[in-house]
Amino acid sequence: MINYGFDAELLSSKTVVITGAGRGIGLEVAKAAFGCGANVIAHSGRVGTAQKLSGITSSVAEADLSQDAGQQKFIEFVKSNTSKVDVLINNAGTMMGRFPADEITDDQYSQLIALNQTSVVKITSALIPLLRAANGASIVNTVSISAITGGSPGSSIYSASKAFVSTYTKALARELAPDKIRANAVSPGTIATDFHKRYSSQEKLEKTRTSVPLQRLGAPEDCSSAYIFFASEKLSGYITGQILEVNGGQLIC
Ligand SMILES: NC(=O)c1ccc[n+]([C@@H]2O[C@H](COP(=O)([O-])OP(=O)(O)OC[C@H]3O[C@@H](n4cnc5c(N)ncnc54)[C@H](OP(=O)(O)O)[C@@H]3O)[C@@H](O)[C@H]2O)c1
């Protein structure tokens, strides 16, 4: 377990709900939250990664969040496991492929929106009563550097869906502030996870690496501390409606 230098009690008595925690950034965030004393309720992924969370939580569900049935399944799972949510981390997402703008099919478009956009809205809406019940809660969404830059060829709808979540986060921050619910987002740059094994060539990644001022690609561990920061009332209690770019300086504006 990585020691982030955070207090092991930082999130004690807090219930943290996280999606897409079976690998990559989400897995690292789940580990970090557990290391800070949180009770973690996780969605691991579609199928086959739940065991990676053993030792961190036994409250783990698998569900395809691009499907209405999967979204409902996870919402019911959370409701049956807790009466309050202190921290909701909407992290599950992916590009699903590189789809040229003149070739993308209706099905590809709908699935991308359903996963990256609709699932975030549905899970958040359904869990607002449990977030209110925490009496001081935090929503942390995962967006992307591509929400600002537009991404690279074949990622137009993915990038636009992350821009939607970015704006949605800001809107939630204003609307839910009276309920003592903060809303922020972490925006990863190029982070070395399975995501890029699927969608980026080694050559493209190396070109990106040399363009990053810090001269390296990010690791999931580079992102997880940003999530813990937003999760903690103690560390970020006066911060809401913000998007934190974690990209080694890849985007400075
Ligand atoms: N890596 C980057 O450079 C980068 C940059 C910007 C933003 N992001 C965002 O960061 C988040 C985490 O990505 P990552 O890099 O950690 O990628 P990853 O290792 O591929 O993990 C993605 C997670 O999302 C889940 N997921 C994907 N499709 C799903 C579906 N249809 N239903 C339910 N769960 C699904 C995956 O589950 P399965 O195991 O079932 O696939 C997995 O748990 C994503 O929202 C991604 O868009 C990543």
Open item on the list: Can you tell me how many residues within region 63-111 are within 13 Å of the ligand (Cβ to nearest atom) and among the acidic types (Asp, Glu)?
Closed with: 2
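A quick yes/no check of all residues on (1) among the aliphatic types (A, V, I, L, M); (2) under 27 Å from THR15 (Cα atoms); (3) touching a strand residue (DSSP E or B) at 6+ places or on another chain (Cβ under 7 Å):
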position: ALA137; (1), (2), (3): yes, yes, yes
position: THR149; (1), (2), (3): no, no, no
position: GLY154; (1), (2), (3): no, no, no
position: ALA163; (1), (2), (3): yes, no, no
position: SER166; (1), (2), (3): no, yes, yes
position: ALA173; (1), (2), (3): yes, yes, yes
position: ARG182; (1), (2), (3): no, yes, yes
Task: Residues that are among the β-branched types (Val, Ile, Thr) and either part of a helix (DSSP H, G or I) or surrounded by fewer than 17 Cβ atoms within 10 Å (Cβ to Cβ) (or both), drawn from region 137-177 - done: ILE148, THR149, ILE157, VAL165, THR167, THR169
Open item on the list: Here are the criteria: (1) away from the ligand (no atom under 15 Å from the Cβ); (2) surrounded by fewer than 24 Cβ atoms within 10 Å (Cβ to Cβ). Tell me which single one VAL16 does not satisfy.
Closed with: (2)
Task: Selected residue [in contact (Cβ under 8 Å) with a residue 24 or more places away in the chain, of a type in the set (D, E, K, R) and surrounded by 14 or more Cβ atoms within 10 Å (Cβ to Cβ)] from ASP64, ASP86 - done: ASP86
- [ ] Identify all residues within region 151-203 that are touching a residue at least 12 places away in the same chain (Cβ under 8 Å), within 12 Å of the ligand (Cβ to nearest atom) and of a type in the set (Lys, Arg); write none if there are none.
- [x] LYS162, ARG198
Open item on the list: Just the residues that are buried (at least 23 other Cβ atoms within 10 Å of the Cβ) and under 16 Å from VAL186 (Cβ atoms), please, taken from region 29-44.
Closed with: VAL29, ALA30, ALA32, ALA33
- [ ] Give the residues of region 210-238 that are over 19 Å from VAL85 (Cβ atoms) and assigned to a loop (DSSP other than H, G, I, E, B), sorted by residue number.
- [x] VAL212, PRO213, LEU214, GLN215, ARG216, LEU217, ALA219, TYR238
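No value in this document is a laboratory result; all are computed from the given coordinates. What you are looking at is a predicted structure, and each value in this text was computed from that prediction instead of being measured. Positions of Cβ are generated from backbone atoms using ideal geometry, with glycine treated the same way; all protein chains shown enter the neighbour counts.
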